[in-house]
Amino acid sequence: MNLYFLKKRSLGLFLVTYFGAITITIIGFTSLLYKMGIKNLQERLATKLHNQATTIAFRAIDAHMVHKPFFIDKRVAYLLLDSKNHPIKGTFKLPQKIEQEFAIIDGCAYYVEKGAKGHLGIDTIIVRDCNYKREKRAILYKNLLIAILSFIPLLAIGWYLGKLFLRPWQRRIQELDRFIKDSTHELNTPVTTIMLALSKLKEQSRYTHIAKMSALRITKLYDDLTYINFGSNTTPEQIDIKEIIDQLLHLFCLMQEHKKITLQKKLSSCIIQADPKEIELLLKNLIDNAYKYAPINSPIAISLESCQFTITNYLASSLPKDVESLFERYARGSSSSGGFGIGLSIVKTVCQKYNFRIKVTTTKDQITFTLFFK
């Protein structure tokens, strides 16, 4: 059981969900802050420009009525217009006609004031502040910084919560993983003893055959569990596939007799360099799969020619539409035939290790596995 993969995948799914949620939340919150900041900036600039324009209007009226000198602060950008909208005096040219009291044009804020009432010939006062674009950019950067600074601790919290959430689950999986490995070790002694005892029995009664067939099933399960949990440590060597198939068919003779299966075989030699235990496990699972799912009184065809192994059997029940899914761990062709759905997963694992190619073809009532060793 790949605990690390399961843990990594579960933590990844949790973090993706959490990351997506906090990203949407932060983007929404940052957008709201940005809009509020822009609105506040516009209100602040409108107030500032209104005060500047009002001051200019008041000084124009005062200069005209009381004959005081008329002056405008040099720090203020302004434009004075007469009643025909002709410029009288100013520090900038009007880019376009302003229809509203306050407007933003080309990154500058403009405010229009009519309070001079024609004094000194001034009908309209327009003041300008071109810091709007810069301050707007500053608000954007500030909000982005807030978003980043908020995201980092939230991500750290999500990582911690994910690890905390997975801790009891991880403990249970570790216990289950340890139990499977311990059980696999413990199976070795009784399985070996049963097989040795049955081989010493001289009386080949019906019950002896049943016991041998059951012991064979336990042996296969033990081999599968051992390979899944511990792999194989056997050194690769030159082996003849034909010899391994002959040995395996001898082991399956009891099942063949029990299900009254007719075996059709045509085998020729095929020498490869590989781990004999893994090749035996590969072929054993393919043969076992055929015997397991074949109906009673049906034929099974096995051939090995030009290092191409083929096994065909009839089906007692229908297969899923996607036959490739049969190679997934815990997938089963039929719920009525027993098994744990790990045999063909092991077949896939061994094929991937040695770059063997395996092909599955089906008809209405038959399935064929073709294995290319070279």
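The table that follows gives values for the structure above.
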quantity	calculated
Looking only at the stretch 264-281, and only at residues there that are touching a Lys or Arg at 6+ places or on another chain (Cβ under 9 Å) and not hydrophobic (A, V, I, L, M, F, W, C), the one that is surrounded by the fewest Cβ atoms within 10 Å (Cβ to Cβ)	Ser269
Members of the stretch 243-263 found to be in a helix (DSSP H, G or I), modelled with pLDDT of 90 or more and exposed (fewer than 15 other Cβ atoms within 10 Å of the Cβ), listed by number	Glu243, Asp246
Selected residue (criterion: nearest to the chain's Cα centre (by Cα)) from residues of the stretch 264-305 that are of a type in the set (Gly, Ala, Ser) and in a loop (DSSP other than H, G, I, E, B)	Ala294
Matching residues, the stretch 105-127, being surrounded by fewer than 16 Cβ atoms within 10 Å (Cβ to Cβ) and farther than 19 Å from Ala63 by Cα	Ile105, Asp106, Gly107
Every pair of residues 6+ apart whose Cβ atoms lie under 6 Å, when the first sits in the stretch 246-271 and is more than 16 Å from Leu283 (Cβ to Cβ) while the second is assigned to a strand (DSSP E or B)	Ile261/Ile300; Thr262/Pro299; Gln264/Pro299; Gln264/Ala301
Output for the stretch 65-77, where each listed residue is closer than 19 Å to Gln52 by Cα and either out of contact with any helix residue (DSSP H, G or I) (no Cβ under 6 Å at 6 or more places or on another chain) or without any contact (Cβ under 8 Å) to a residue 12 or more places away in the chain (or both)	Lys68, Pro69, Phe71, Asp73, Lys74, Arg75, Ala77
Number of the exception - Asn143 against (1) in contact (Cβ under 8 Å) with a residue 40 or more places away in the chain; (2) assigned to a helix (DSSP H, G or I); (3) surrounded by fewer than 17 Cβ atoms within 10 Å (Cβ to Cβ)	(3)
Which listed residue, of Thr17, Thr54, Thr23, is within 30 Å of Gly162 (Cα to Cα) and either surrounded by 14 or more Cβ atoms within 10 Å (Cβ to Cβ) or of a type in the set (D, E, K, R) (or both)	Thr23
Qualifying residue in the stretch 87-100 (condition: touching a helix residue (DSSP H, G or I) at 6+ places or on another chain (Cβ under 9 Å), under 24 Å from Gln52 (Cα atoms) and at pLDDT 90 or above)	yes
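The values are calculated or read from the model by the stated rules, or taken from the named source; none is laboratory data. This structure is a prediction, so every number in the text was calculated from the model and none was measured. For neighbour counting, all protein chains shown are included, and Cβ atoms are generated from backbone atoms with ideal geometry for every residue, glycine included.
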